[in-house]
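The values are calculated or read from the model by the stated rules, or taken from the named source; none is laboratory data. Keep in mind it's a predicted model, so treat the numbers as computed, not measured. For neighbour counting, all protein chains shown are included, and Cβ atoms are generated from backbone atoms with ideal geometry for every residue, glycine included.
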C-alpha cells in the first residue's frame, strides 16, 4: 500500500463519522496484539491548551533523554504531524505500512460481525503500533474529544493524567454544564497515576479532585497567579515559577494564556522529577504552530486557533497586550457548531477590518457570508466575505503593507491555519523576489493592491 492509497482508505473510513465509546477500539487493538499495553502514557485532556501542554511536555522529555512519542489532534501543518517521535513526523512509507496492517485487522473484525472502527480509532491504533515498534519511553497522548469515552482512553498504563483549562465546548457530546464536561474529562485518571491540572473554575476543580481521590491518586493544581513574567511579547516570554525554582525560563511560544499552560507543565515535571536543566531547554525548544504564532514580521502576521468562547477571551487578552496601538486586520473562519457569536463578540470590536472565510471542511464550515453578518455590527462595512482563503490572505497582506503599524491576525478553527501559513510563505517569497529584482534593476511582477471601497484584489488598476 502506498501513502496515497492509505489516505484514500482513511478518507473512505471517514463515512463512519465520530462515535464515542471504547468497545470498538478495544476490539481493534486486540486484533493487533494490544500494542498500547507495552507503553507508558502522559494523557492530556481539557478544552483549551492541550496542544501547548503536549508541546512543552514532549520537548522537555526529549531534552531529558527520553524517547518520546506524541499523538496530536487536530493538526495544522500536515496530516502526518499527528504521530511524532522526538519531534519527527512518522514517515509516509511507514505510515502506509501500518494502515495496511490495521486494514487487515478491520477486515477480520467485520467477518466476526463487529462494528467498523472510526477513522480516529484507526489513527490511534496506528500510533500505538508505531510507538511500540520504536520503543518509546513515554507517549504524550492528547485526548480527541472529552476523556472518558474518547478512543485514547483505552490506555491503562497512565503515568500522569494532565488537564488543561476546562471550559465549554462540544456541549452536544459532553454535556451543557461545566460539571458534566469536567466529569467526562476526569475519566482519563487511572489508578496508580498522578494527576496535574491547570487552575480551574471551582466546580470543575471539585470534580477532578473527587475523581482523583476516589482512585487514590495524588492531584496537584497549578498556580499561574504565582508566575512572574519578566519579558513578554508576540515572540515569546521569560518566566519564573517560584514553586519550581528561581531560574528564569524562556519560551518562544507566545500568548498570555501560555502562563496557564506553562504552570501545569512545571508542576508535572516536579512530579516526574525531571532535571531542571532539561526543563529549561525543553521550554526554549518547544514549538506549537497555530497558537499565537508569528509567521511574518513585515508585515506582522499572526495565526491562532481560538475556536471557542474561552479561547477567544484569552486571545483578546493577548491582542490587547502585545498588539496595542496596531491597526488590526482580522481573518476569521469557524465551524458552524462552534460559539461563533461569542467569538465575534470578543474579537470583532478590536478590528479595523475583517475578512471572513469558509473552511476546507465545507460540510461543517460556517459560510463566510453568514460570519460576515455576525461580525458586521462590530466592524460595519469593513467586513468582507472572501471567496477563498488565498484571497483573504492576499487582501489582508496588502492592506497591512499599505497601513503603517498594521498587524494581521488569522484565527478561529485550526483546520484552515495551515493553508494561511502556506499562503503567507508564498507572499513572502514573492515579495522577496520582487525586492531582489528591483535591486538588480529588473522589472518585477506587478503586485496586487486593494481597492479600498470594494475590498477586492486589483492588478495594474483593474478590478478582478
Applying the selection to the stretch 10-30, what residues are over 25 Å from the mean Cα position of the chain (by Cα) and either surrounded by fewer than 18 Cβ atoms within 10 Å (Cβ to Cβ) or outside any helix (DSSP H, G or I) (or both)?
23, 26, 30
Odd one out for residue 343, checked against (1) part of a helix (DSSP H, G or I); (2) without any contact (Cβ under 8 Å) to a residue 60 or more places away in the chain; (3) under 30 Å from residue 381 (Cβ atoms)
(2)
Looking at (1) part of a helix (DSSP H, G or I); (2) modelled with pLDDT of 95 or more, which is the only condition residue 172 fails?
(2)
Looking for something over 30 Å from residue 275 (Cα atoms) and either surrounded by 21 or more Cβ atoms within 10 Å (Cβ to Cβ) or touching a strand residue (DSSP E or B) at 6+ places or on another chain (Cβ under 7 Å) (or both) - is there at least one such residue anywhere in the stretch 44-58?
no
Residue that is farthest from the chain's Cα centre (by Cα), among those in the stretch 46-84 that are at pLDDT 95 or above and under 15 Å from residue 188 (Cβ atoms)
57
Checking the structure you have, find out if any residue of the stretch 106-116 is in a loop (DSSP other than H, G, I, E, B), at pLDDT 95 or above and crowded, with 17+ Cβ neighbours inside 10 Å.
no
Subset of the stretch 235-271 [surrounded by fewer than 19 Cβ atoms within 10 Å (Cβ to Cβ) and touching a residue at least 60 places away in the same chain (Cβ under 8 Å)]
271
State which residue is surrounded by the most Cβ atoms within 10 Å (Cβ to Cβ) when the search covers only the stretch 85-105 and only residues that are free of Cβ contacts under 8 Å to residues at least 40 places away in the same chain and more than 22 Å from residue 33 (Cα to Cα).
89
